[in-house]
């Protein structure tokens with residue numbers, strides 16, 4: 001096999017590996033937004049650390065409840081400071097295979113409670129999608 005053919009084959013394989021995220025049609029962002037909508041809709045199910053633990057357990061979502069002291073010793077990087085009460089950290093798995101491979105395999109959710117176990121803050125995050133601006137206007141979204 002000639003060098004040129006090997007090079008073209010290598011470029012074709014690399015191009016094929018980079019193509020799937022271009023055709024998600026917003027599926028990755030839709031999964032992130034669906035989890036945020038679920039959190040808003042099920043607000044009563046997560047209003048205390050105990051109810052949030054039961055809610056995530058019923059959904060088979062990996063999660064952990066950190067006390068104030070545990071939070072101060074093992075504070076998640078994305079959290080600026082620990083609050084006055086427990087912190088529930090959940091990692092909701094992303095179901096779309098392309099999104100899992102090219103963008104993020106989870107939606108990270110942090111539920112912060114006050115000293116009376118009342119929900120005071122809900123934060124969620126997923127790795128952002130990337131865009132390639134086009135010189136003539138518009139952009140190509142990758143793993144959106």
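Read the figures in this text as sums done on the coordinates, not as results from a lab. Being a predicted model, the structure only gives us computed values, none of them experimental. Note that each Cβ is placed from the backbone with ideal geometry, even for glycine, and that neighbours are counted across all protein chains shown.
Just a few scattered comments:
- In terms of the mean number of neighbouring beta-carbon atoms within 10 Å, the peptides 103-110, 1-8, 53-60 order highest first as 103-110, 53-60, 1-8.
- Per-residue Cβ neighbour rank within 10 angstrom, fewest leading, 46, 13: 13, 46
- Fully extending the segment from residue 12 to residue 30 would add 3.5 nm, taking 0.36 nm per residue of separation and subtracting the current Cα-Cα distance.
- Seen from a random direction on average, the alpha-carbon convex hull of the stretch 55-125 projects onto 5.1 square nanometres.
- Of (1) 1.39; (2) 1.52; (3) 2.40, the label for Cα Rg over 2.2 N^0.38 Å derived from the coordinates: (1)
- One Cα centroid belongs to the stretch 22-43, the other to the stretch 71-144; the line between them spans 12 Å.
- When peptides 77-86, 92-101 are sorted by average Cβ neighbour count within 10 Å, with the highest value leading, the order is 92-101, 77-86.
- Contact order relative to length of the stretch 22-128, as percent, for alpha carbon pairs under 8 angstrom and 6 or more apart: 25 percent
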